[in-house]
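Structure record follows, encoded as structure tokens.
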Amino acid sequence: PNPTDTRTFIPHLENVQKRLGCKFKFAIADAGYGSEENYDYLEENEITGIVKYTTYEKETKRSFKKKTFNTENWKYDAEQKEYTCPCGNPVPYRKTVTKKNKSGYLQTYEVYQCENCEGCPFRELCTKSEYGRVIQRNGHWLEQKAKVKDLLSSEEYKTLMKKRSTECETVFGQTKGNLKFRRFHLRGKEKVGIEWGLLMLGYDFRQLIRLMNT
């Protein structure tokens, strides 16, 4: 019932560990599950999270570093708490904002705003705001993304990601593509659980028959 994958990650992980009576050393998931809240959960529970975030692929490409108006490529002075825009203007710190998401997780942002956007030759390329360019900096999220990039640069974890892809995506592909199952016919968690269980029983029988005939 959750509109996004990110909020299903923690309850699903806890449910599976409880049912299996074990504690995971690794959690491997696709980019839909990469979020600040989920990374914190994994770290607090001493689980190595092999999980990309949604913009991971873009950010690891050379072309990303060439995007002049992406603030992650702007010079940042941590001591002065100030960015420098492509035009050379300072973008100083204004305030700190804390937001709570629907699961109750708190995220803290520092807000920066440029005061010299009037008459800037790059303004139309940089911002559509009538008040000038505003940046929301989440330092904790930036640290987490740096850790993910470092972790996924390891060949060991790259191999695990590829294994997840083969094991999981094959099942999704067979179910959605070959079995043409794209929507549940029943409503409610219990009924949907039964429908999915029956579908997976059928899938497993097909796999067993295939293995017996090879």
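Just so you know, all these numbers are worked out from the coordinates, no wet-lab data involved. No experiment lies behind these values; they were computed from the predicted model shown. Neighbour counts are summed over all protein chains in view; Cβ atoms, including those assigned to glycine, are modelled from backbone coordinates with ideal geometry.
Structural remarks
- Cα centroid separation - segment 23-68 against segment 79-151, whole Å: 21 Å
- Here segment 25-129 carries DSSP beta bridges of which approximately 75% are antiparallel, counting only pairs with both residues inside.
- Difference of contour (0.36 nm per residue) and Cα-Cα distance, Leu198 to Ala78: 37.6 nm
- Treating each Cα of segment 62-137 as one equal point scatterer and applying the Debye formula with no solvent, the log10 of I(q)/I(0) at q = 0.16 Å⁻¹ comes out as -0.64.
- Rounded if a/c under 1.5, otherwise prolate or oblate - segment 173-214, Cα gyration tensor axes: oblate
- The phi-based Karplus calculation (6.51 cos²θ - 1.76 cosθ + 1.60; θ = phi - 60°) puts the 3J(HN,Hα) values of segment 137-144 at 9, 10, x, 5, 5, 5, 5, 4 Hz, whole numbers, x for Gly and Pro.
- Taken over the Cα atoms of the chain, the convex hull encloses 199 Å³ per residue.
- In sequence order, segment 72-82 has phi-based couplings of 5, 9, 7, 5, 10, 9, 5, 5, 7, 6, 7 Hz under the Karplus curve 6.51 cos²θ - 1.76 cosθ + 1.60, θ = phi - 60°, and Gly or Pro positions carry x.
- Here each label is just a point 7 Å from Cα along the line to Cβ, and for Lys18 and His185 those points are 3.1 nm apart.
- For segment 62-137, with +1 on Lys and Arg beta carbons and -1 on Asp and Glu, the positive-most of Gly132, Val91, Tyr109 along the dipole: Tyr109
- Highest average packing first - 167-177, 106-116, Cβ atoms within 10 Å: 106-116, 167-177
- For the chain, the 222 nm mean residue ellipticity estimated from helices alone, with every DSSP H stretch of n ≥ 4 adding -39500 (n - 2.57) and the total spread over all residues, rounds to -13000 deg cm²/dmol.
- Segment 14-55: GluC sites (Glu not before Pro) in DSSP loop, at most 13 other beta carbons within 10 Å: Glu46
- Nearest-0.05 FRET efficiency for Thr214 and Ile47, computed from C-beta distance (R0 25 Å): 0.10
- Residues in segment 14-24 carry Karplus couplings, in order, of 5, 5, 5, 4, 5, 5, 8, x, 9, 10, 6 Hz; the curve used is 6.51 cos²θ - 1.76 cosθ + 1.60 with θ = phi - 60°, and Gly or Pro positions show x.
- 19 Å Cα-Cα threshold exceeded, pairs from Lys52/Lys162; Lys52/Lys95; Lys58/Lys149; Lys58/Lys147; Lys65/Lys145; Lys61/Lys128: Lys52/Lys95; Lys61/Lys128
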